[in-house]
Each structure stands twice: as C-alpha cells, then as structure tokens.
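Just below is one structure, and these are the notes that go with it.
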Amino acid sequence: MIDHLFIGDCCQPSVLERVQIDQYRAILLVTSDERVNIEAAFTVRSLNSQVRLIVRSAQDNLNEVLSQQLGNFVAFEATQLPAPSFALAALATETRGFFALDEYYLRVVRVVIDQQHSWCDRRSLYELNSSTRRLLTHSHANTTPPQAFYQWEPDTRVEAGDSIAYLEIVDRIYEPEIQQESIDQGSRRFTIAQLKSKALQLWQEGTQTQRVAIVSTGVMFVLFLMGAILYKLHDPTLSIKDAINIALVLIIGGFDNLFGQFHLEASMPWWLYLFSFLMTIAGTIFTGILFAILTERILVSRFQFARRRPIPRSSHVVIVGLGRVGHRVASLLEQLKQPFVGVHATAPEPALSPQIPVVVDNLKTALNKVNLANAKSLLAVTDDEVLNLEIALRAQAINPNVNLIIRTFKPSFQQNISKLLPNARVLGAYALAAEAFAAAAFGENILNLFRLNNQTLLVTEYTIEATDHLNGFLLSEVAYGYEVIPVLHRKASGTIILMPSEDTRLQMNDRLVVIAPILSLKRIERGEALTRSSQVQIEKRCLKMQPLMEQRRSRGLLAAI
C-alpha cells in the first residue's frame with residue numbers, strides 16, 4: 001500500500017532530504033511518541049515552509065502555540081478522537097453524533113419508525129427537511145441503510161419499520177430522553193407513592209453524614225412542633241406567636257433564659273418541665289451536629305477533598321479502563337448528565353473529576369462491585385484488547401442484557417470479536433481516528449467525527465479561496481455533486497446560516513461546514529464531481545404552476561439544474 005518506504009530517524013534532516021520532503025504538500029507525523037512527532041515537525045518546517053503538518057499530539061496548549069508558530073499545522077490525538085463514538089454507543093439511544101458549531105449544537109439521530117410515531121403514514125420524506133432539520137438517509141424495513149446521501153425519493157411516504165437518519169439543531173447537547181424526563185417531572189404532580197420513591201432514593205444514595213443530618217433535622221422539627229402545641233394547650237391564654245417563640249427558645253438551647261425571664265401564670269406540670277429540658281438537650285446536640293457538618297463542608301471546599309458520588313444502582317454505564325479514552329468518555333457522560341462508574345486497576349489521574357465514582361481494584365474482580373447486574377452499558381476501553389474481550393465476556397455472564405462496547409486495535413481481531421459477540425459494538429479506536437488524519441491531509445479542518453450506518457462521517461470545515469474550485473459553486477452543486485451535507489455557511493461578511501439554502505453561491509473567504517465520508521472529501525480535493533444524470537428545462541411559467549415549482553424546489557428536485 002506504500003509507494004516508497006524509507007527506514008530512518010524522521011527527526012534527522014538528512015533522512016527527510018532523502019525522502020525529498022520539499023516535493024510533498026502534506027506530512028503526517030503519527031508515531032506513538034509525541035516528542036518525536038513535535039521534534040520532527042520543526043525539522044520538516046525548516047526544510048519546507050509550505051508543507052501541511054498533521055501531528056499526533058494530545059498537548060492541547062502546546063498544539064495551539066505550535067499552530068501559531070509553525071503555521072498550516074493540525075494536531076489530533078488518535079485515542080481521543082473516537083471518544084464521542086464510544087460515549088454515544090454506551091448511551092444505547094437513537095443519537096449517533098453530536099457536535100458544536102460556534103454557539104449552536106447539532107445532533108445526528110437515527111430512528112426506526114413505529115406505528116405510534118408522528119411521522120408514520122403522515123409525512124413524505126421531503127417534508128422532514130426544515131430550517132432546523134436535514135434528512136441524511138432513509139431505508140425500508142429489512143434493507144441495508146445506504147452508504148451515500150440523497151439515496152431517497154422525495155415523495156416516498158414514511159412507513160412503519162423505516163430507518164431514518166437526520167441532522168437537527170438542538171438547544172443543548174442532551175439526550176432526548178433526558179430532556180423529556182426533566183420536562184415531565186416539572187409539569188406533572190407527584191403522587192404520594194412517587195414522593196416516597198424519591199425520598200427512598202435520596203436516602204439510599206446519600207452519605208452517612210447526609211443521613212444523620214436528615215434524621216436530626218426531622219427529629220428537631222417534630223420536637224419544635226410538639227413543644228409549641230403542648231405550651232398552647234397548657235396555657236390557652238398564650239398566643240400562637242408566643243407558643244412558637246417558647247418552643248424556638250428551647251430548641252436552640254435557651255432553657256435558662258426561658259425560665260429565668262418568663263413568668264407563666266399557670267403552674268407548670270413536671271412532665272412539661274422535663275419535656276422542655278429534653279428539648280434543650282436535643283437542640284444542643286443538633287447544634288453540634290450542624291457545626292460539625294458545616295466544618296466538614298468548609299474543609300472539603302478549602303482543601304478540595306471532594307467526596308466521590310456513590311456508585312449508581314441501576315441504568316448506569318460502567319467504564320472499565322480510565323486511560324485517555326476512558327477519561328474522555330467519562331467527561332462526555334458527565335456533560336450529558338448520565339449516571340456512570342469508572343473501574344481502574346490503579347488510582348486514576350488527578351485530572352479526573354474528584355466527584356466521579358471510581359472503583360480501584362483488579363479489573364476482573366471489580367465487576368462485582370459496580371452493580372453490573374442492573375447496568376445499562378459496559379465499555380471495555382483498556383489498552384489491552386484481549387483484556388477488553390475477557391471483561392466483556394465476564395460482563396455478559398453477569399448481565400446478558402447489558403449493552404457491550406469493546407475497544408480494539410487490530411482489524412482482524414475486531415472482525416473475530418464481532419462474530420463471537422454479534423450484539424456487541426466493537427469499535428476500532430485507531431481505525432476511527434485514521435480517517436480524520438487522512439482527511440486533514442487534504443488541507444481541511446476536521447471538527448468532529450461519528451459513526452452512522454457502519455461508516456465514519458467527518459464534520460469538515462472549508463475556507464473558500466480564490467483558487468479553490470468550489471469558488472462560485474452553488475451549494476446544490478457541492479451537495480449533490482460530491483454527496484455531502486452542507487451544515488453551516490458563513491459569508492465573508494460574517495453572517496452565519498445553519499442548514500443553508502441550496503441556491504446559495506459560494507464566494508471567496510466564505511466558510512463552509514459539511515458532513516461527508518472520506519471518499520467524498522477525496523472527490524472534493526480532486527474536483528471529481530459526480531456526472532449529472534438528468535437536467536430540467538423550464539419552457540413556460542404561469543401563475544398556476546408557481547406554487548408547484550416552489551414545492552418541488554423545496555424537495556430538492558431542481559438542485560441539479
């Protein structure tokens with residue numbers, strides 16, 4: 001697969017001169033040693049001031065400085081690029097990808113239509129496109145989803161069993177199920193059973209200190225109410241305000257102040273006097289507990305000794321291996337407000353949030369400590385693919401219904417695991433990242449990547465230059481000619497349009513963001529647009545035909561003119 005192979009130290013100018021680096025337009029420095037990659041980048045730049053540098057490096061701050069100093073420089077980390085794909089696979093939802101463009105959030109969703117779906121037998125495919133949504137792919141039941149875009153007929157009716165993938169704009173990068181749950185909880189009234197369930201959950205998930213605080217507060221509130229009621233019943237001449245005042249003074253430890261200052265007209269029975277004394281003692285104990293809790297909180301905040309959250313009991317994600325990929329996946333799940341627990345053989349890195357629940361133990365035995373029987377998904381993302389397979393098999397034995405996501409490196413090993421565990425999601429970390437590195441060599445900026453219909457799609461940014469062959473093209477020519485989905489268009493004046501109209505014409509210094517597989521990016525790089533198979537000629541226009549033309553235009557039928 002390699003045209004020319006040279007063996008030597010890529011940091012040495014003599015080796016690079018032998019390779020004739022001055023004749024190439026891009027170089028990918030992807031060794032496993034970041035120091036070598038960065039050193040070689042400086043050497044390459046000294047020999048070729050125009051070559052594009054694509055470097056494997058996880059040093060974000062350093063990469064930003066190098067981009068400014070070296071110019072035409074792009075840096076990726078092969079283990080972090082596919083992290084969103086692992087996180088989305090763990091959620092086991094309809095979302096296939098999410099990313100941010102400027103201040104906007106976009107989500108890629110793949111849904112299987114059922115009889116209860118609002119689109120079923122009510123919408124045609126062209127009606128799904130709107131100012132906030134773009135249809136990506138469509139396939140009927142029991143058919144393989146297409147690998148290319150625009151492989152659907154606009155007038156096709158949405159039916160039960162159809163598989164539809166689309167891109168939509170959202171306010172926040174949250175899962176639809178989470179949003180719906182929060183809306184439902186805010187709008188409905190809680191029944192007594194639901195309140196009991198919430199209270200029980202709060203009690204079970206709380207720490208020992210929190211439980212003591214809850215019990216103490218409940219006891220003090222009951223004693224306060226009893227004290228006010230008993231004094232009111234004992235002396236009806238007391239106002240409700242005075243009765244509450246007496247109970248309040250006693251509960252905060254003011255026994256001597258009360259009986260030294262107040263002169264009650266009626267004689268006080270011994271049991272009420274004893275109850276008042278017990279209220280003062282209970283109030284003193286409660287005050288001590290309160291001070292202890294406040295002191296603990298202050299020390300935790302001051303020295304950052306934050307307590308980790310308890311291990312979730314059900315419907316959570318188990319991340320086995322908190323290396324670079326696991327750490328990144330944990331951060332994404334934290335942003336998505338998803339319950340999860342991490343498992344690592346040694347103490348995690350300090351950069352990991354101190355509140356994330358972590359079990360530090362042997363990876364094989366730790367599965368018994370993370371409530372795996374009730375877990376939703378398990379990610380085996382250690383640096384050992386054989387260990388990942390073993391963990392997945394052990395997890396399946398404990399919970400046959402768990403959603404398994406396995407990280408692999410070798411393509412052959414990935415295929416064998418897919419045959420052994422057909423229901424598992426087997427993702428090759430390097431295979432996912434390799435397409436981003438290769439696409440970056442074309443000279444474009446890769447913003448994100450995700451998996452859809454068993455292929456990797458790249459969110460790619462173009463800046464239209466004077467010599468760019470896309471300059472002057474309509475977006476319809478770019479979209480249908482190269483089979484890409486235009487997502488964002490920013491004019492040179494600064495106006496940003498999401499889901500831009502297909503009759504927009506590209507101009508110099510415009511910014512264009514598209515979703516495309518790597519083959520489409522390759523065609524754009526070479527200027528090899530698909531051959532037009534049809535042409536529309538308008539012979540006559542009348543008032544009756546105008547609405548029809550507008551309708552057809554919205555369906556995209558005239559996009560190839």
### Query
Given 37 °C and 0.692 mPa s, how large is the Stokes-Einstein diffusion coefficient of segment 7-56 in µm²/s, with Rh as the Kirkwood radius over Cα pairs?
308
### Query
Stretch residue 313-residue 102 to full length: gain in nm at 0.36 nm per residue minus the Cα-Cα span?
72.2 nm
### Principal axis box of segment 485-529, alpha-carbon based, largest edge first, Å
30, 19, 16
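Find the Rg to Rh ratio for segment 336-394, where Rh is the Kirkwood radius over alpha-carbon pairs and Rg uses the same atoms.
Details: Rg = 11.7 Å, Rh = 12.4 Å.
Across segment 336-394, the Cα-based Rg/Rh ratio is 0.94.
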### Partners for residue 364 among aspartates and glutamates (Cα-Cα distance below 20 Å; same-chain residues under 8 apart left out)
383, 384, 385, 390
### Cα-Cα separations in segment 464-541 greater than 17 Å, expressed as whole percent
47
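Express in % the proportion of alpha carbon pairs of segment 24-103 at distances exceeding 20 Å. Walk me through the numbers on the way to the answer.
Values: 1380 of 3160 pairs.
Cα-Cα pairs in segment 24-103 separated by more than 20 Å: 44 percent.
At a Förster distance of 60 Å, what's the computed FRET efficiency of residue 290 paired with residue 159, Cβ-Cβ distance as r, to 0.05? Spell out each step's value before the answer.
Details: r = 63 Å, r/R0 = 1.05.
About 0.45, to the nearest 0.05.
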### Rg/Rh ratio calculated on Cα atoms of segment 1-142 (Kirkwood radius)
1.17
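With N denoting the number of residues in segment 328-471, provide Rg(C-alpha) divided by 2.2 N^0.38 Å, to two decimal places.
Working: Rg = 18.5 Å, N = 144, 2.2 N^0.38 = 14.5 Å.
Here the Cα radius of gyration is 1.27 times the empirical estimate.
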### Message
Once R0 is set to 22 Å, what does the formula 1/(1 + (r/R0)^6) return for the Cβ-Cβ distance between residue 384 and residue 36, expressed as a FRET efficiency to the nearest 0.05?
### Response
0.40
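Do any of 491/522; 337/522; 337/410; 491/540 go past 29 Å between their Cα atoms, and which?
Details: 491/522 24 Å; 337/522 37 Å; 337/410 32 Å; 491/540 34 Å.
Table pairs above 29 Å Cα-Cα are 337/522; 337/410; 491/540.
Quick check: residue separation of residue 46 and residue 59 times 0.36 nm, minus the Cα distance between them. What number comes out in nm? List each step's numbers first, then the result.
Working: separation 13, 0.36 × 13 = 4.68 nm, distance 2.17 nm.
Additional length available on full extension: 2.5 nm.
At a Förster radius of 25 Å, what calculated FRET efficiency corresponds to the Cβ-Cβ distance of residue 142 and residue 418, to the nearest 0.05?
Numbers: r = 20 Å, r/R0 = 0.82.
E between residue 142 and residue 418, to the nearest 0.05, is 0.75.
Quick check on packing: order 472-482, 315-325 by the mean number of other C-beta atoms within 10 Å, highest mean leading.
Values: 472-482: 19.8, 315-325: 22.8.
Peptide ranking by packing, descending: 315-325, 472-482.
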### Summary
Inter-part gap, Cα centre of segment 421-466 to Cα centre of segment 1-35, in whole angstrom, is 23
#### Entry: Inverse of mean 1/r across different Cα pairs in segment 399-508, Kirkwood, Å
16.7
### Task
May I ask you to list the residues of segment 47-67 whose amide nitrogen lies under 12 Å from a point 7 Å from Cα along the Cα→beta-carbon direction of residue 17?
47
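No lab work stands behind these numbers, since they all come straight from the coordinates. Computed from a prediction, not measured in an experiment: that's the story for all the values here. Note: ideal-geometry Cβ built from the backbone for every residue, glycine included; neighbour counts use all protein chains shown.
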